[in-house]
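Reading through the structure tokens given below for one structure.
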Amino acid sequence: MLCAFGTALAEPAVAPFPQGGVAFVEKHCVSCHGKEKQKAGLALHTVRDDLALLRARKQWREVVKMVEAGDMPPDDKPQPTAAERETFVASVKAVFSAANSAKPDPGRTTVRRLNRTEYNNTIRDLLHVDFQPAEDFPRDEVGFGFDNIADVLSVSPVLMERYLNAAERIAEEAIPLTAARPPKRTMGGKYCEPANPQVPQDRFRPINAARSEAILSGPLNTPVRITEKNEFWVRAKLYAEGPADVPVRVALLVAGPKMAQPSPAAEVTKLDGVALGAVTPCRIVKAVEITARDEKHAQLVEVKITGTAGIERMALAAYKPANGQPPPTLRVEYLETEGPLDTRTPSNKALMVFTGDKPEREQAREVLTRFVARAWRRPGTAEEIDRLCAMVDYAVGHNEGWEGGLRRALTAVLASPKFIFRLEPDVQPENPEPHPLDDFQLATRLAYFLWSSTPDDTLLQLAYEKKLAGNLDAQVRRMLKDPRSAALVENFALQWLQLGRLDGHSADKKVFAKWEPKLAGAMIEETRRFCAEILRDDRSVLDLIDADFTWVNQRLAELYGLKIPGSWEKGEWKRVSLAGTPRGGLLTQASVLTVTSNPTRTSPVKRGKWVLEQLLGNPPPPPPPGTPSLDDAQRRELTGTFRQKLEQHRADAKCAGCHAKMDGFGFALENFDGIGQWRDRDETGAPVDASGQLGAGHKISGVADVRALFRERREDFTRCLTEKLLIYALGRGLDYYDEPTLDRIQAALVRDNYKFSTLLVEVVKSDPFRLRRGQGQGGDVK
């Protein structure tokens, strides 16, 4: 009895997929999705075992959803029993669940070279120089929507030549062979301020504080360019009239309305001249007695200063005389600044850091050891450093000088595959199990994912200490606060949304009167600022679709019909609320609406296809070969409005399935014209019909219904976004073995209210990002 009772309580066994799943498909699905007919491009008859099911996991996940919801088989076909549905769904889910619990497969590792953006950013951060050396490289190919995909980043002979040229140019910038002289800026006294046409034109300009006119009273001043933290000489050349036994004191000043560290007011009031207010607040940098009494013996007054924030002018002022003496007359030949005194370029300063009392050979080793670790993103070996130092020795021995030798070595470092490619040699090549990347490889992946640039000192130090893998969460959050994280918007978000095509877009101004080329740049900037705020403020990723704010400049505000209080400054952008308007999220931004339109009209097909591909991750199959365009002038059989022509086109059974999935989204956006402006009538003057239908019976009307639908299908959107981000992070397309990773990231997003930082952290902590395959695992390691 006990045995029978226990058996009755046991979980019912799940039928294996070849029995529970394949049998269901053969009975209820292959008539529409089999060898003879593949409705909506979906073929199910080829999936006969667990491995084939896993390879088609993404597609079959949608099949399971539709079977569970009762949408498949369609109403006009024989319906399975509830038990049959349950058996089918359970058999498929059991295979997925087993795969999720199995040993992880991090996927294949393909060597990746730096793309143009990554190359420029890496040079910028290595050498503090931003001269875009990759601008003349051939354009990078795009795969899976991004230009950082390893499989398409090939190296042509032309590109190899450009790499060598760029390395030489960068080395020349970083290591000049002769030091530049500090720049001087000399302003003759007669050209100094205060100024007007009555200024005396003497070579030595006279000023006397007793005079009531500013141009004759002083102090004299002139604009300067004194930058923070750099050393400068500040000078004046002058003499004083009068008896030699009467002391004359003057002060050299630096001034600016927002200058840091001004002199106390009590000190400044000791100075004389009716124009003193023009150089207040100021700082007295030197006070000196003028002993010279004639032009021949004119006295040079100078002081070396370190620049601070807010210095805009230098000035020369006389001190008030003591004991009721009359103010002296000063004769000023010029005011002058010289500097910065350190004329090394920023790249030279970053590179040439070494111990001064060492021999030159040891200094070269010190410079190269540190640079190689940053450039190759891991410590150089003793043998590698020795070879580079030998290049320096060779140059010195052939009269090229120490700097010339360093140039040679630096060129070699930057032209090396160890710089150009992101190499990830396996430190455990015989390990049959998935195992972690080393910390330097992980630092490199992390930096190029979030910054599109090389690891900084913090990441490299953690890698040296083998502590990075245990601090990924904290490092991601630190890196997102760094200005370099703007690269994630520029290089991921804008490519994901396919906005690069706006650069070559030209709408017909006869149809869209407000179109102008500058508008395209403003459209992209709106999306850039919008995405940056969601990333910066760690908002929900769902706000990408349903936010109630955006950023506009005056041109976009007018396009959108937004009445914004206040005036507009040149180049100003304002964050505005969209409450009470039909706009909100990416779908209603002019960038997206324009890039999915034709030059002369909107395109419901393009817009619908874009929504499926970029937001829902469910792209339609390509049209059958030979399918003519709706705009083909030869298609005289299509008549009426564009919508009517599209309905006639969809009547073709070959086209109906795909158009049924996507056209509804495009029709719902028809209230926005080809440049994103709201309208009630289309290009022909007919009233806009924004109604549509998705699939068998889901009707929508207008953009509000689309946004509501996305709220219902948030998991589809967030999974699509996760897929796109993981592709970008890994530099490869996704495969069936990545599905468990996507499931885990999805679960974490739901737990943490869809925060953007959670998505990024989970990608970085995922198996494909942190691990590499074991020996023989997967069989397709490149």
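Values for this structure:
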read-out	value
Charge dipole magnitude, Cβ of K and R +1, D and E -1 - the chain, Cα centre, debye nearest 20	1040 debye
Rounded to the nearest 10 Å², the accessible area of residue 345 at probe 1.4 Å	40 Å²
Separation of alpha-carbon centers, the range 366-400 and the range 431-446, rounded to whole Å	26 Å
Solvent accessible area, Å² - residue 178, 1.4 Å probe, full protein context	110 Å²
Long-range amide H partners of residue 549 with built H, under 5 Å	578, 585
Area of residue 358 that stays accessible when all protein chains are in place (1.4 Å probe, Å², to 10)	90 Å²
Cα Rg, Dmax, the range 422-512, angstrom units	18.9, 67
Size of the range 521-588 as Cα extents on the principal axes (Å, biggest first)	32, 24, 20
Residues residue 260 and residue 69, FRET efficiency given R0 of 56 Å [Cβ-Cβ distance, rounded to 0.05]	0.25
Note, ³J(HN,Hα) from phi for the range 606-616, Karplus 6.51, -1.76, 1.60, rounded to Hz, x at Gly and Pro	4, 5, x, 5, 4, 4, 5, 6, 8, 10, 10
Between the range 664-706 and the range 228-280, the Cα center-to-center distance that results, in Å	70 Å
MRE, 222 nm, helices only [DSSP H, n ≥ 4, -39500 (n - 2.57), over the chain, to nearest 500]	-11500 deg cm²/dmol
Label-point separation in nm, residue 704 to residue 567, each point 7 Å along Cα→Cβ	3.8 nm
Exposure ranking of 477, 539, 283 by accessible area [1.4 Å probe, largest first]	477, 539, 283
Karplus-derived HN-Hα couplings along the range 698-714 (A = 6.51, B = -1.76, C = 1.60, θ = phi - 60°), whole Hz, x at Gly and Pro	7, 9, 9, 8, x, 5, 4, 5, 5, 5, 5, 5, 5, 5, 5, 9, 4
Ranking by accessible area, most exposed first, for 506, 453 with a 1.4 Å probe	506, 453
Low-density loop positions, trypsin sites (Lys or Arg not before Pro), the range 362-451 - DSSP coil, at most 13 other Cβ in 10 Å	none
Cα principal axis extents for the chain, largest first, Å	123, 71, 63
Diffusion constant of the range 241-284 at 20 °C, which comes from Stokes-Einstein with the Kirkwood Cα-pair radius and 1.002 mPa s, µm²/s	183 µm²/s
Long-range HN-HN contacts of residue 435 with modeled amide H, under 5 Å	772, 774
Inter-centroid distance (Cα atoms) of the range 489-504 relative to the range 505-573, Å	15 Å
Close Lys-Lys pairs in the range 424-555, where close means Cα under 25 Å and separation is 8 or more or interchain	4
Which of 537, 457 is most accessible, then next, and so on - probe 1.4 Å	457, 537
Of 376, 251, 89, farthest towards positive along the dipole that unit charges on Lys, Arg, Asp, Glu beta carbons give the chain	251
³J(HN,Hα), Karplus 6.51/-1.76/1.60, whole Hz, each residue of the range 87-93, x for Gly, Pro	5, 4, 4, 5, 5, 6, 5
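The values are calculated or read from the model by the stated rules, or taken from the named source; none is laboratory data. On a predicted model such as this, the values are computed, not experimentally measured, just so you know. Glycine also receives a Cβ, built like all others from the backbone with ideal geometry; neighbour counts cover every protein chain displayed. Accessible surface areas use protein heavy atoms only, side chains included; no ligands, DNA or RNA. Shrake-Rupley method; radii C 1.70, N 1.55, O 1.52, S 1.80 Å.
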